[in-house]
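Q: First the structure, then my questions, so here it is.
The values are calculated or read from the model by the stated rules, or taken from the named source; none is laboratory data. Because the structure is predicted, anything quoted here is derived from the model rather than measured. Neighbour counts run over all protein chains shown; Cβ positions are idealised from the backbone, glycine included.
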């Protein structure tokens, strides 16, 4: 991919992002129940014009053979935080990922789940 990791997540961009480019990352996570999981997440930048203040993305996780899709935004004010909304098994979910040290880490929650989970994203080789 033409992006460095931080640019692919639109965290701390040094220059303009490349339109409709997709980058894939390895995911390691822990659910609210303490069970761990691995998979991948792909992020594709969406070009919506000047009406959007920040950068917007489609996000697709593949975990255990199941796919979950969502949308994300990075604001102009804080380039190191990616806010994501998604639907998981028919329920609304939210995740917040923060970039540091060449990876992204954060937490997530799904409506009705008694607790939060965590994820770490690292560049796929």
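Q: For segment 81-92, does any single residue satisfy the condition of being under 24 Å from residue 115 (Cβ atoms), modelled with pLDDT under 95, out of contact with any helix residue (DSSP H, G or I) (no Cβ under 8 Å at 6 or more places or on another chain) and not in a strand (DSSP E or B)?
A: Within segment 81-92, one or more residues are under 24 Å from residue 115 (Cβ atoms), modelled with pLDDT under 95, out of contact with any helix residue (DSSP H, G or I) (no Cβ under 8 Å at 6 or more places or on another chain) and not in a strand (DSSP E or B).
Q: May I pose another question? For residue 67, which of the numbered conditions (1) more than 21 Å from residue 31 (Cα to Cα); (2) out of contact with any helix residue (DSSP H, G or I) (no Cβ under 9 Å at 6 or more places or on another chain) fails to hold?
A: (1)
Q: Return the residues of segment 10-27 that are modelled with pLDDT of 50 or more and part of a loop (DSSP other than H, G, I, E, B); say none if nothing qualifies.
A: Once the filter is applied, which keeps residues that are modelled with pLDDT of 50 or more and part of a loop (DSSP other than H, G, I, E, B), segment 10-27 yields 20, 21.
Q: A follow-up question, please. Of all the residues that make up segment 28-53, how many are free of Cβ contacts under 8 Å to residues at least 24 places away in the same chain, outside any strand (DSSP E or B) and surrounded by 11 or more Cβ atoms within 10 Å (Cβ to Cβ)? Let's see the steps before the verdict.
A: First pass over segment 28-53, keeping only residues free of Cβ contacts under 8 Å to residues at least 24 places away in the same chain: 34-36, 42, 48-53.
In the following step, the residues that additionally are outside any strand (DSSP E or B) were identified as 34-35, 48-53.
From what is left, the residues that are surrounded by 11 or more Cβ atoms within 10 Å (Cβ to Cβ) are 52.
Matching residues across segment 28-53 total 1.
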